[in-house]
Amino acid sequence: MDSQNGGKKLKQQIESLRSGNKSAILGTLEELRSEGDISVLPELFYLMIDQEDEEILNNIVTLLNDLKDKEAAEILVEAIADPAYEKIQTSLVAACWQNGLSYGKYISTFVEVVVSGDYTASIEAFTVIEEAVGELEQEEQTMLVRTLKSKLKDVQDQKTPLVEELINTIESY
């Protein structure tokens, strides 16, 4: 498909996602599963924020969980770090470990979620870090442990055991 047709199709998909029409949105989500462009991801995040329809929300989450385009990782991580998407942060972080893309170079974002995010998002971020720690050099792992230990005092009491377990997991890797 040439870029002009691709741009037109992307524009139609975005219009459909913004339409508020449930069947159009679901149809577009199905289309995106097979021939989606990662540049539409921010539209999906935006749609998730105020989405009250469970079926639409579940379809978006499933789509994010099944992402295979390596470049999608950066877009997801940018959204996780963006306070505008705080309401959907847990779903976005969960998608990161579900989709199996590589997140090693973004590990600091997930450390921030473990330290500052809500408890559920922290657990999801723990899982992403656990999966990605093998991608890190020994020196990076050491720095990560140092960072986590220095942030331990800033963590909510209920998350202290989680951070301590993460430190142990990284140290034993």
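The values are calculated or read from the model by the stated rules, or taken from the named source; none is laboratory data. Every value quoted in this text rests on a predicted model; they were computed, and no experiment measured them. Every residue, glycine among them, receives a Cβ derived from its backbone with ideal geometry; neighbour counts consider all protein chains shown. We work out accessible area using only protein heavy atoms, side chains counted, and drop any ligands, DNA or RNA first. Shrake-Rupley method; radii C 1.70, N 1.55, O 1.52, S 1.80 Å.
Quick notes on this one:
- Whole-Hz Karplus values for segment 163-171 come out as 5, 4, 5, 4, 4, 4, 4, 5, 5 Hz, taken residue by residue from phi with 6.51 cos²θ - 1.76 cosθ + 1.60 and θ = phi - 60°; glycine and proline positions read x.
- Kirkwood Rh in Å, taken over segment 36-92 so that all alpha-carbon pairs contribute: 11.5 Å
- Accessible solvent surface per residue of the chain, calculated while the other protein chains remain in place, 1.4 angstrom probe, Å²: 56 Å²
- Residues with amide H under 5 Å from that of residue 173, placed H, sequence gap 5 or more: none
- The mean sequence distance of close C-alpha pairs (under 8 Å, at least 6 residues apart), as a share of the length of the chain, puts its relative contact order at 15 percent.
- Segment 98-173 pair-distance distribution - Cα-Cα, 10 Å bins, rounded %: 20, 60, 19, 0
- For segment 1-42, with +1 on Lys and Arg beta carbons and -1 on Asp and Glu, the positive-most of 5, 36, 16 along the dipole: 16
- Local electrostatic count, residue 31, Cβ distance below 12 Å [Lys/Arg +1, Asp/Glu -1]: -1
- Among 140, 86, 35, the residue with the largest mean-square fluctuation in a Gaussian network model of the chain, with springs joining Cα atoms closer than 10 Å, is 35.
- Under Karplus coefficients 6.51, -1.76 and 1.60, residue-wise ³J(HN,Hα) of segment 90-102 in Hz, glycine/proline x: 4, 5, 5, 5, 4, 4, 5, 7, 5, 7, x, 6, 8
- Rounded to the nearest 20, the size of the Cβ-charge dipole of segment 1-154 about its Cα centre is 180 debye, with Lys and Arg at +1 and Asp and Glu at -1.
- Per-residue ³J(HN,Hα) for segment 116-123, Karplus 6.51 cos²θ - 1.76 cosθ + 1.60, θ = phi - 60°, Hz, x for Gly and Pro: 10, x, 6, 4, 5, 4, 4, 5
- Here residue 68 is the anchor, and the lysines within straight C-alpha reach of less than 21 Å, apart from those fewer than 8 places off in the same chain, are 9, 105.
- Most fluctuating residue given options 54, 130, 71, as computed from a GNM of the chain linking Cα atoms under 10 Å: 54
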